[in-house]
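Peer 1: Pasting a structure below so you can have a look.
The values are calculated or read from the model by the stated rules, or taken from the named source; none is laboratory data. All figures in this text were calculated on a predicted structure; none of them were measured in a lab. In this analysis, Cβ positions are derived from the backbone assuming ideal geometry, glycine residues included, and neighbour counts consider all displayed protein chains.
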Amino acid sequence: MTAGGTTLASALAGEAALVAGALAVLAFDLTGARNWAAGARWRAATTLGGVAVLVALTLVWRVGAAGPAAGGSFMLDALGTASRAGILVLAGLTLALTNGARRLRHPAEFVALVLLATTGLLVMAVAQQLLLAFLALELASLSLYVLAGFDRTRPESAEAGLKYFLLGGLSAAFLLFGFSLLYGLTGSIEFTAIAAGLAQPGLSPLLAVALVMILAAFGFKVAAAPFHLWAPDVYEGAPPVAAALVASASKLAGFTLLVRLLWPGLGAVAAGSGLPGWLPVVALISAASLLLGNFGALAQSNLRRLLAYSAIAHAGALLLGVMAAGAAGPGPLFYYAATYGLATVGAFGVVSVLDQAGVGPGITDLAGLHRRSPLLAGCLFVFVLSLAGIPPLAGFVGKFLVFAAALRLGGLHSPAGVLAFAAIFLSAVALYYYLGVLKAALVTATTPDQETCITVPVSAAVTLVAAALLLILLGLLPSALLGLFS
Amino acid sequence: MNALPCTIYVSFAGALLALLAGSRSATLARVVALATAVTALVMTLVAAVHFVPAAGLQTLVDRPWVDSLGVRYHLAVDGISLTLLVLTGIAATAGVLFSWNIGERTGEFFALFLALIGGVYGVFLSADAFVFFVFYEIAIVPKYFLVARWGSTNREYGAMKLVLYSFAGSALVLAGLLWAYAAGGGKSFAVSDLAAAALHFSRLQQLGMFGLIFLGFAVLAGMFPFHTWAPTGHVAAPTAASMLLAGVVMKLGAYGCLRVALPLFPVGFAYWQPVIGWLAVAGIVYAGVIALVQDDFKFVIGYSSVSHMGFVLLGLAAANVRAVSGAVLQMFSHGIIAGLLFAVVGRMVYERTHTRKLADLRKMALYRRLPFAAGVFVVAGLASMGLPGFSGFPAEFAILIGTWKTSPLWAAIAALGVLVAAAFTLRVIQVSFFGTVTATTEGPELPPLPPITLAERAGALLLIATTTLIGLKPDLLLDWIVPSLQSPMFQSVLKGGGS
């Protein structure tokens, strides 16, 4: 028990640092910073939060030997470490952007919720047990619901929070139901024991129900069609920094948990052909997301809604990575999810700065951005092109890795190969709407009432430039991330 | 020789510098752009002087890049790529000279221009299909902004159409490449390794992969009936971009067909060969006839580009050494001549008269008011018609002779296309510059037009000198090209055909 205790303590040191950070932020705001001006309170809260994230980052990086920890409740492998580090980097960037978000009141609560959500996401990335996975998911989700509804000056924010909460609660119910069926079938809540218990051919009806329930819940979590309906409203209504967290770190953690659950846990569910029984369902969800996301985005005139539909399309591509993870390992999936998250945080960061300056929400409102703020326009250029998958940016390499892995599953004879082809062709559709955004920002001339310059807070400027440079660097040297998995 | 990879880096660095310089002064940005283009051109020329023709690629750089995919950053050169590198250098330099007058957001213009050039250099130097594709896509995006921001007529539509066609083409290429990579076991993207793996593919796979990759590249090369982006895009583009688009970027497509599609899938090529040949012939004649009836000066040149690129595709379809060496020569030649034609239309004439309607130009007596432009256009027109003494002649001649050995019918119809080209070129020369030869009395009433600048003269002379030099001594390039076609890579698809 004592040995297990120390392992648990060292395995969860990063999470502990975040919780301590959250408490410290709240405590400091209640005591020391009580009578400070709003700007100083924001600075104090985000600085403390940033320190907590940095400490957590060093702790998860220096975690001990790879392998199961704390009696098999956690899996500390390359995927876990990389995913936790990725989540922390994305959360850190979100916090740095939050510093400029003066519209929100209650800085300490906001930062503390971001840290608590991140704690849940970190546990999701290493959970190896149904109950733990569910608890982590709920901790993250509940914090994110509140963050989505945090902007009390706008009714849209409250709507976003409520919608996210109601649909999220429903999906949690589905997940719990699916998990309980799994437990009933195998008598265990540990992924490895479940895999062993299910290692016989054939798909029992009860297991099929459990699978569908679980996939539906995860489909909601990662905004995959047809469980995507919340995404456009939440991305549009939530404060942009909260939306950034929902779209980036939360997605990375969701996909990490999904791939852990499906491959080692449920991978043995054979449907006669040697393929996992869940593959057709995931393929269907992926196809629906690719089609709906890309074609839905064509019709959008609001930048945030466009990003939401693009997120749905990317979820479809990421599900391809999930399908391919059994043969190709989690490397391509992680690279795609992490770099997608980076580009999305950047894009929402730009939205956030524009929001502060009263620009938006339409895509046409970006007109003349190249003149009003060359920095924002340049960063947006990098983020949007990375989302579109244009080399030499990281988004291109991610796309390439995932599609190559999917095609290697059996060429055009497997659903994954066909979907990879579909995704490649749909990327031409995607370029149309991405270029539409860049056209507004870089090509369209300013109208007289837009002549004023947009001031970008220093912290936001540094964060955005850092994210853009990181996307370029990771695109030029993808082995820096992929090397973690070899 | 080892300086060649630096053409890529110099161009990208120049793009950044031009962007920074542009925020200070437009002139500085122009100077940076010109210095960059000339530096890269000198590098290619120095490499050309030291080049020893041989069969096969000569490696310049080869180091691991993305280990998990087996991708290597492998740059190499042979006679074919060297020809096109020199073309890129010349076209880029001329392009900067002809866009000297860009006054709005000058830094950004030249940054995008040089980024495009850097991508083009990269494509011509790549020996790994992944690297090839990366540079190929880098060259796509700047086109959109160049056309959409600094273009004219219907520019946002033209830009979007241009980029979506290119990108859809590159999506087909990506699909085909990944398919071949996956089917070959997923070990390497080196063109030679892919070709070795492709020997074991089923016939159906070869047909499918070749179809995807060739079609994807051929869209960018302006193959009929997927050419419609070209005239619209070229017309909408600012002068330097039209020069580059028609002169160099369309060659990327043809080069991709030759460098990737043909050597990889000989079986697939054998199946599709008749289709490609007929489409090429159809493009030559169809685009020529359309050019004959245009009433917009720039559209005539736009369609003529499609017609001339048809010769390149025809040369590839004929698949013998003579025809293919002619096709490569035609790529070079058309790159120079199209640049010259677009320079006259877009920069010398349109920027001064603000019209491209042939009906309006007819009344302007331009031969007297812009004698230099008229002279350049006549020379360019003669070169474009394929008159001996200019580079178009040895190129189209070699293509026709080579094609005759494969299919006399194609050669006969394509020769008809040469006549059509003569017809539309003569018509446009006559209408646009010499429309009022008889009405000499009208002359004095017309206000003088701004004189031709020094930059324009320098650019025009550079291009004229190149087309004449190659016209008089095509062996300068053929001595590089023909040995390259003897490499084992091409032996599986090309028949001897009297080299």
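Peer 1: Among B:PHE377, B:PHE390, B:PHE397, which is outside any helix (DSSP H, G or I) and either crowded, with 24+ Cβ neighbours inside 10 Å or within 20 Å of the chain's Cα centre (by Cα) (or both)?
Peer 2: Values: B:PHE377 fails: outside any helix (DSSP H, G or I); B:PHE397 fails: outside any helix (DSSP H, G or I).
On inspection, the qualifying residue turns out to be B:PHE390.
Peer 1: I would also like to ask the following. For segment B:69-78, how many residues are more than 10 Å from chain A (Cβ to nearest Cβ) and of a type in the set (A, V, I, L, M)?
Peer 2: 3
Peer 1: Ok, one more. Restricted to segment B:158-171, and to residues that are farther than 16 Å from A:PHE396 by Cβ and more than 8 Å from chain A (Cβ to nearest Cβ), which residue is surrounded by the fewest Cβ atoms within 10 Å (Cβ to Cβ)?
Peer 2: B:LYS161
Peer 1: If you don't mind, another one. Among the residues of segment B:38-68 satisfying the criterion of being of a type outside the set (Phe, Trp, Tyr) and within 14 Å of another protein chain (Cβ to nearest Cβ), which is surrounded by the fewest Cβ atoms within 10 Å (Cβ to Cβ)? First the steps, then the outcome.
Peer 2: Residues of segment B:38-68 that are of a type outside the set (Phe, Trp, Tyr), as a first pass: B:38-50, B:52-64, B:66-68.
After this cut, where a residue has to be within 14 Å of another protein chain (Cβ to nearest Cβ) as well, the list is B:63-64, B:66-68.
Numbers: B:ARG63: 8, B:PRO64: 11, B:VAL66: 18, B:ASP67: 13, B:SER68: 20.
That would be B:ARG63.
Peer 1: Has segment A:91-103 got any residue that is within 21 Å of A:TYR335 (Cα to Cα) and not aliphatic (A, V, I, L, M)? Before you say what the answer is, go through the steps one by one.
Peer 2: Filtering segment A:91-103 down to residues within 21 Å of A:TYR335 (Cα to Cα) leaves A:91-94.
Keeping just the survivors that are not aliphatic (A, V, I, L, M) gives A:92, A:94.
Checked against the condition, which is being within 21 Å of A:TYR335 (Cα to Cα) and not aliphatic (A, V, I, L, M), segment A:91-103 yields at least one hit.
Peer 1: Now a separate question. In segment A:305-330, what residues are more than 15 Å from A:ALA423 (Cα to Cα), surrounded by 24 or more Cβ atoms within 10 Å (Cβ to Cβ) and not hydrophobic (A, V, I, L, M, F, W, C)? If you could, list the steps in order and put the result at the bottom.
Peer 2: Residues of segment A:305-330 more than 15 Å from A:ALA423 (Cα to Cα): A:305-308, A:325-330.
Next, from what is left, pick out any that are surrounded by 24 or more Cβ atoms within 10 Å (Cβ to Cβ): A:306-308, A:325, A:330.
Selection gives A:PRO330 alone.
Peer 1: Does any residue in segment A:344-362 that is within 18 Å of A:LEU470 (Cβ to Cβ) come within less than 8 Å, Cβ to Cβ, of a residue that is surrounded by 24 or more Cβ atoms within 10 Å (Cβ to Cβ) and among the aromatic types (Phe, Trp, Tyr) six or more places away or on a different chain, and which pairs are these?
Peer 2: These pairs meet every condition: A:THR344/A:PHE383; A:GLY346/A:PHE383; A:ALA347/A:PHE383; A:VAL350/A:PHE383.
Peer 1: Among the residues in segment B:56-72, are any closer than 17 Å to B:ALA3 by Cβ, among the acidic types (Asp, Glu) and over 21 Å from the mean Cα position of the chain (by Cα)?
Peer 2: Yes, there is a match, as at least one residue in segment B:56-72 is closer than 17 Å to B:ALA3 by Cβ, among the acidic types (Asp, Glu) and over 21 Å from the mean Cα position of the chain (by Cα).
Peer 1: Residues B:GLY208, B:GLY186, B:GLY247, B:GLY169: which one is at positive phi and touching a residue at least 24 places away in the same chain (Cβ under 8 Å)? Full working, then the answer.
Peer 2: Values: B:GLY208 fails: at positive phi; B:GLY247 fails: at positive phi; B:GLY169 fails: at positive phi.
One residue alone meets the criteria, B:GLY186.
Peer 1: Is it true that some residue in segment B:355-367 is of a type outside the set (Gly, Ala, Ser), without any contact (Cβ under 8 Å) to a residue 12 or more places away in the chain and touching a helix residue (DSSP H, G or I) at 6+ places or on another chain (Cβ under 9 Å)?
Peer 2: Start the filter on segment B:355-367 by keeping residues that are of a type outside the set (Gly, Ala, Ser), which leaves B:355-358, B:360-364, B:366-367.
Pick out the ones that are also without any contact (Cβ under 8 Å) to a residue 12 or more places away in the chain and you get B:355, B:360.
Among the residues that remain, those that are also touching a helix residue (DSSP H, G or I) at 6+ places or on another chain (Cβ under 9 Å) are: B:355, B:360.
Yes, the conditions are met somewhere in segment B:355-367.
Peer 1: Which of the residues spanning segment B:409-426 are of a type in the set (Gly, Ala, Ser) and more than 15 Å from B:TYR303 (Cα to Cα)? Lay out the reasoning, then the answer.
Peer 2: Applying the first criterion (of a type in the set (Gly, Ala, Ser)) to segment B:409-426 yields B:411-412, B:414-415, B:417, B:421-423.
Passing the criteria: B:ALA411, B:ALA412, B:ALA414, B:ALA415.
Peer 1: Take the conditions among the aromatic types (Phe, Trp, Tyr) and touching a Leu at 6+ places or on another chain (Cβ under 9 Å) and apply them to A:PHE177. Does it pass? Spell out the reasoning first.
Peer 2: On the way: among the aromatic types (Phe, Trp, Tyr): yes; touching a Leu at 6+ places or on another chain (Cβ under 9 Å): no.
Answer is no for this residue.
Peer 1: In addition: Exactly one condition in (1) touching a strand residue (DSSP E or B) at 6+ places or on another chain (Cβ under 8 Å); (2) more than 14 Å from every other protein chain (Cβ to nearest Cβ) is not met by B:ALA35; state its number.
Peer 2: Among (1) touching a strand residue (DSSP E or B) at 6+ places or on another chain (Cβ under 8 Å); (2) more than 14 Å from every other protein chain (Cβ to nearest Cβ), B:ALA35 violates only (1).
Peer 1: Determine if segment B:135-142 includes at least one residue that is of a type outside the set (Lys, Arg), part of a helix (DSSP H, G or I), more than 14 Å from chain A (Cβ to nearest Cβ) and crowded, with 24+ Cβ neighbours inside 10 Å. Outline the logic, then answer.
Peer 2: Here is the first cut: in segment B:135-142, the ones of a type outside the set (Lys, Arg) are B:135-142.
Those still in the list that are part of a helix (DSSP H, G or I) too: B:135-138, B:141-142.
Cutting the leftovers down to more than 14 Å from chain A (Cβ to nearest Cβ) gives us none.
Checked segment B:135-142: no residue is of a type outside the set (Lys, Arg), part of a helix (DSSP H, G or I), more than 14 Å from chain A (Cβ to nearest Cβ) and crowded, with 24+ Cβ neighbours inside 10 Å.
Peer 1: Can you run down the residue pairs with Cβ atoms below 6 Å, 6 or more apart or on separate chains, where the first is in segment A:464-486 and within 11 Å of chain B (Cβ to nearest Cβ) and the partner is of a type outside the set (Phe, Trp, Tyr) and assigned to a loop (DSSP other than H, G, I, E, B)?
Peer 2: A:GLY475/A:PRO392; A:GLY475/A:LEU393; A:LEU476/A:PRO392; A:PHE485/A:GLY329
Peer 1: I would also like to ask the following. For segment A:102-204, which helices (runs of 4 or more DSSP H) that fit wholly inside it have 1 or more residues that are surrounded by fewer than 18 Cβ atoms within 10 Å (Cβ to Cβ)?
Peer 2: On the way: elements: A:107-126, A:130-148, A:155-186, A:191-197.
Fully inside segment A:102-204 and qualifying: A:130-148, A:155-186, A:191-197.
Peer 1: One residue is enough: does segment A:368-375 have a residue meeting the conditions more than 11 Å from chain B (Cβ to nearest Cβ), in a loop (DSSP other than H, G, I, E, B) and at positive phi? Give the steps one after another, and end with the answer.
Peer 2: Within segment A:368-375, the subset more than 11 Å from chain B (Cβ to nearest Cβ) is A:368-369, A:372-373, A:375.
Pick out the ones that are also in a loop (DSSP other than H, G, I, E, B) and you get A:368, A:373.
Filter once more, so that each one left must be at positive phi: A:368.
Within segment A:368-375, one or more residues are more than 11 Å from chain B (Cβ to nearest Cβ), in a loop (DSSP other than H, G, I, E, B) and at positive phi.
Peer 1: Could you pull out every one of the helices (runs of 4 or more DSSP H) wholly within segment B:154-266 that has 1 or more residues that are under 21 Å from B:GLY122 (Cα atoms) and within 18 Å of the chain's Cα centre (by Cα)?
Peer 2: B:155-183, B:203-220, B:239-244, B:250-256
Peer 1: Would you confirm, using the coordinates I've provided, whether B:ALA318 is more than 15 Å from the chain's Cα centre (by Cα), at pLDDT 90 or above and under 27 Å from B:VAL482 (Cβ atoms)?
Peer 2: On the way: more than 15 Å from the chain's Cα centre (by Cα): yes; at pLDDT 90 or above: yes; under 27 Å from B:VAL482 (Cβ atoms): yes.
Yes, satisfied.
Peer 1: Identify, by number, the condition in (1) within 17 Å of B:LEU177 (Cβ to Cβ); (2) within 11 Å of chain B (Cβ to nearest Cβ); (3) not charged (D, E, K, R) that A:SER414 doesn't meet.
Peer 2: With (1) within 17 Å of B:LEU177 (Cβ to Cβ); (2) within 11 Å of chain B (Cβ to nearest Cβ); (3) not charged (D, E, K, R) applied to A:SER414, the lone miss is (1).
Peer 1: Within segment A:71-86, can you find the residues that are of a type in the set (A, V, I, L, M, F, W, C), within 15 Å of A:ALA13 (Cα to Cα) and part of a helix (DSSP H, G or I)? Steps first, please.
Peer 2: Filtering segment A:71-86 for residues of a type in the set (A, V, I, L, M, F, W, C) gives A:74-76, A:78-79, A:82, A:85.
With the extra rule that they be within 15 Å of A:ALA13 (Cα to Cα), the set shrinks to A:74-76, A:85.
Of everything in segment A:71-86, just one residue is of a type in the set (A, V, I, L, M, F, W, C), within 15 Å of A:ALA13 (Cα to Cα) and part of a helix (DSSP H, G or I), namely A:ALA85.
Peer 1: Still on this structure, I have one more. Assigned to a helix (DSSP H, G or I) and facing chain B (nearest Cβ under 10 Å), is that true of A:LEU442?
Peer 2: Working: assigned to a helix (DSSP H, G or I): yes; facing chain B (nearest Cβ under 10 Å): yes.
Against the criterion (assigned to a helix (DSSP H, G or I) and facing chain B (nearest Cβ under 10 Å)), A:LEU442 qualifies.
Peer 1: Within 10 Å of chain A (Cβ to nearest Cβ) and without any contact (Cβ under 8 Å) to a residue 40 or more places away in the chain, is that true of B:PHE145?
Peer 2: On the way: within 10 Å of chain A (Cβ to nearest Cβ): yes; without any contact (Cβ under 8 Å) to a residue 40 or more places away in the chain: yes.
So B:PHE145 fits the description; yes.
Peer 1: In this structure, does A:LEU385 turn out to be over 19 Å from A:LEU306 (Cα atoms) and either within 10 Å of chain B (Cβ to nearest Cβ) or aromatic (Phe, Trp, Tyr) (or both)? Spell out the reasoning first.
Peer 2: Details: over 19 Å from A:LEU306 (Cα atoms): no; either within 10 Å of chain B (Cβ to nearest Cβ) or aromatic (Phe, Trp, Tyr) (or both): yes.
The answer is no for A:LEU385.
Peer 1: Additional query: Please go through segment B:360-381 and pick out each residue that is among the small types (Gly, Ala, Ser) and at pLDDT 80 or above.
Peer 2: Keep residues of segment B:360-381 that are among the small types (Gly, Ala, Ser), which gives B:365, B:373-375, B:380-381.
Residues satisfying the conditions are B:ALA373, B:ALA374, B:GLY375, B:ALA380, B:GLY381.
Peer 1: Output the number of the condition that A:THR447 fails; it satisfies all remaining conditions of (1) more than 7 Å from chain B (Cβ to nearest Cβ); (2) farther than 18 Å from A:LEU333 by Cα; (3) buried (at least 21 other Cβ atoms within 10 Å of the Cβ).
Peer 2: Only one criterion is unmet by A:THR447, namely (3).
Peer 1: Which of the following residues is at pLDDT 90 or above, over 25 Å from A:VAL322 (Cα atoms) and either assigned to a loop (DSSP other than H, G, I, E, B) or within 11 Å of another protein chain (Cβ to nearest Cβ) (or both): A:LEU426, A:LEU435? Outline the logic, then answer.
Peer 2: Numbers: A:LEU426 fails: over 25 Å from A:VAL322 (Cα atoms).
Testing whether each residue is at pLDDT 90 or above, over 25 Å from A:VAL322 (Cα atoms) and either assigned to a loop (DSSP other than H, G, I, E, B) or within 11 Å of another protein chain (Cβ to nearest Cβ) (or both) leaves just A:LEU435.
Peer 1: Being touching a residue at least 24 places away in the same chain (Cβ under 8 Å), under 22 Å from A:PHE400 (Cα atoms) and within 11 Å of chain A (Cβ to nearest Cβ) narrows it down to one of B:LEU174, B:LEU178, so name that one. Outline the logic, then answer.
Peer 2: Numbers: B:LEU178 fails: touching a residue at least 24 places away in the same chain (Cβ under 8 Å).
One residue alone meets the criteria, B:LEU174.
Peer 1: Being in contact with a Ser or Thr (Cβ under 8 Å, 6 or more places away or on another chain) and either modelled with pLDDT under 85 or of a type in the set (Phe, Trp, Tyr) (or both) is the filter here, so list the residues in segment A:105-119 that pass it.
Peer 2: A:PHE110
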